[in-house]
Every structure is written in structure tokens, then in C-alpha cells.
Amino acid sequence: MPDNSRWNGNGAKITNLQEGRMKKIQIINGPNLNLLGKREPAVYGNASFEDYLSELRMRYPQCELSYYQSNIEGEMIDRIHEVGFEYDGIILNAGAYTHTSIALRDAIKAVSTPVVEVHISNVHAREPFRHVSMISAVCKGVIIGFGLDSYRLAIESFL
Ligand code: DQA
């Protein structure tokens with residue numbers, strides 16, 4: 001019998017059977033999240049996002065996990081537009097733009113791909129300005145406060 005397996009974007013071998021369930025998921029991290037592992041470790045932990053992402057890719061070979069990080073609001077919006085009519089899901093940690101950006105909210109509303117809002121820290125246990133989200137109401141759901149595991153829980157929501 002011919003081996004019709006191929007390799008997905010994560011370097012994992014997938015079979016035709018699995019291919020039917022292959023999900024394209026885009027993770028977008030916003031401002032200052034490039035510093036994960038170095039930035040306020042008491043709040044955000046010691047792990048870099050790149051190391052955590054490798055773990056996620058090993059754990060979910062049935063998903064093609066793309067990663068994009070930007071400190072620039074407009075670039076995050078551009079990425080949402082780029083994938084937002086094609087991918088199965090977007091996992092968005094908009095960082096501080098969560099609390100301010102009507103433009104990001106409009107971008108999420110404009111696309112057809114469902115967006116899950118995630119936060120590493122429990123924003124509701126922090127300063128009052130972090131209790132408000134401009135984007136929650138237009139997201140499919142919100143996962144807050146589970147550390148980096150928030151991203152894994154968001155992936156689970158798309159499976
Ligand atoms: C954050 C929470 C935001 O309030 C903050 O500005 C961040 C990270 C989180 O993941 O906990 O940059 O989104």
C-alpha cells in the first residue's frame with residue numbers, strides 16, 4: 001500500500017486520515033510579549049514563547065500552528081486580515097492593546113475566522129485599567145489567567 005503520509009508545517013508526519021482534521025491556527029502575540037521569559041517573571045513566568053511553542057507543536061501534530069508577534073498595532077491588524085478568511089482559528093494575546101484598541105476590535109469583527117482572546121496573567125486580579133477589554137465582546141471566547149497554558153486551552157477550543 002502506498003504511503004500517502006506527508007509532513008505538516010510543524011515537522012510532524014501526518015496521514016491522510018488525520019489530514020481531514022488538520023487545523024490551521026494562527027497565534028498572534030502583541031506588544032512586549034516578545035520579552036516573555038525575561039519580562040516580569042513573577043507575573044509572566046520564566047519560559048520564552050518560542051520554547052513553549054515547540055512544546056505545543058509536538059503536542060498537537062494535527063494542527064498547523066503559525067506564530068506572529070508584533071509590538072505594532074497596525075501590523076497585528078494586517079496579520080488578522082491576512083489569515084482571517086482562511087484559517088480555522090486565531091489565538092490572540094493583544095497585550096496592552098486589549099484594553100485600548102477599537103481598531104483591533106474592528107479587525108476581529110471584520111474577519112470570518114473565530115478569534116479566542118487569551119491572557120497569561122489574571123487581568124482581573126491586577127490594576128483596574130486591565131479589567132476592561134475592547135475585544136472580548138467580538139471574540140469567540142476568552143481564556144485568562146492560566147499562565148502559558150492559556151494558549152493550550154485556546155487550541156483545545158478549536159479541536
Ligand atoms: C497580558 C495582560 C495585559 O494587561 C498586559 O498588558 C500584557 C499581557 C497577559 O497576557 O497577561 O502585555 O495580555
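Read-outs throughout are calculated quantities, based only on the coordinates presented, and are distinct from any laboratory measurement. These figures come from a predicted structure and were not determined experimentally. Using ideal geometry, Cβ is built from the backbone for each residue, glycine included, and neighbour counts are taken over all protein chains shown.
For the chain, DSSP calls about 10 percent of its internal beta bridges antiparallel. Scanning residues 5 or more positions from Ile143 or on other chains, those with amide H under 5 Å from its amide H are Glu117, Val118, His119, with H placed 1.01 Å from N in the peptide plane.
Each helix, a run of at least 4 DSSP H residues, gives -39500 (n - 2.57); summed and divided by the residues of the chain, these come to -8500 deg cm²/dmol at 222 nm. Sites listed here are chymotrypsin sites (Phe, Trp or Tyr not before Pro) in the range 47-124 whose DSSP assignment is loop and whose Cβ has at most 11 other Cβ atoms within 10 Å: Phe85.
For the range 87-102, the residues whose amide N sits under 14 Å from a probe point set 7 Å from the Cα of Val43 along the beta carbon direction are 94-99. Put simply, the amide H of Thr100, placed in the peptide plane, has neighbours under 5 Å in Met134, leaving out anything fewer than 5 places away on its chain. The residue list Thr113, Gly30, Val123 was ranked by how far each Cα lies along the charge dipole of the chain toward its positive end, using unit charges on Cβ atoms, and Val123 comes out on top. Placing +1 on the Cβ of every Lys and Arg and -1 on the Cβ of every Asp and Glu, with no other charges, gives the chain a dipole of roughly 240 debye about its Cα centre. Residues considered: Leu53, Leu35, Leu92. Largest GNM mean-square fluctuation over the chain, using C-alpha springs under 10 Å, is found at Leu35. Consider all pairwise Cα distances in the range 20-158 and report the whole-number % of them above 25 Å. Of the Cα pairs, 19 percent sit more than 25 Å apart.
Rounded if a/c is under 1.5, else prolate if a/b beats b/c, else oblate: with a ≥ b ≥ c from the C-alpha gyration tensor eigenvalues square-rooted, which is the range 87-151? Provide the component values of the computation, followed by the final result.
Details: a/c = 2.53, a/b = 1.31, b/c = 1.93.
Oblate, because a/c is 1.5 or more while a/b does not exceed b/c.
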